[in-house]
Amino acid sequence: MSLKTLPWMFAAAVAVAVASPAVMAQKMSPGLWEHKISMKSQSGRVEAAMQQMQQSLASMPPEQRKMMQDMMAAQGMSFGAMGGTVRVCITKEQAEREQAPQAQEGCTQNAKRNGNVWQISFKCSGPPPSSGEGTVTLQGATAYTGSFNVLTEVEDKPERMQMINSGKWISANCGNIKPVE
């Protein structure tokens, strides 16, 4: 797996994490949300690529590394060897519509609620195509946890991943993180 492959994998994981609150019948608190995502792939290729990306970042000259870290931070993103964090601004209108921004186009999802637990399945046309199912458990209007099994492709080969995600409301003020429409 190349470093070029990693951004779409992280984007797909973010799409699931960010889209999960969109189906909640509870109103989300508007403002800044932090979504944490950890991934474990069946083959280990995802973890190897993330580790390679961390090593590449660490080997950059300090000015270049800072520029990359600042660029990711400006978009509310950071990542480590096993996953990442993304911050998303939810507007008052999105919260009132109970609609979180979609991080990836071409995705559909179905959801069924039982109490504070949602069963969610999704399918994304890609590239690469991916699908999965899992649960999201609500902890009021300011937090959730979730777990998903995802099937996707890495270098034209099927890849299964386990994704654990959580989200929490940080602040009513989004700071420099701009809402995604």
Problem - GluC sites (Glu not before Pro) within region 137-168, DSSP loop, no more than 14 other Cβ atoms inside 10 Å - result: Glu155
Completion exercise
Taking R0 as 35 Å and r as the Cβ-Cβ distance between Lys40 and Asn176, the FRET efficiency 1/(1 + (r/R0)^6), rounded to the nearest 0.05, comes to 0.65
Exercise for the section: Give me the Kirkwood hydrodynamic radius of region 112-172, using the inverse of the mean 1/r over all pairs of distinct Cα atoms, in Å to one decimal. Expected result: 12.9
Practice task
Multiply the residue gap between Met60 and Arg113 by 0.36 nm, knock off their C-alpha separation, and tell me the result in nm, one decimal place.
Solution key: 14.4 nm
Practice task
Figure the gain on full extension for Leu151 and Glu93 (residue separation times 0.36 nm, minus the Cα-Cα span) and round it to one decimal in nm.
Solution key: 17.6 nm
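Bear in mind that the values in this text are calculations on the coordinates, not laboratory data. Keep in mind that what you see is a predicted model, and the values were worked out from it rather than measured. Positions of Cβ are backbone-derived with ideal geometry, glycine not excepted, and every protein chain shown enters the neighbour counts.
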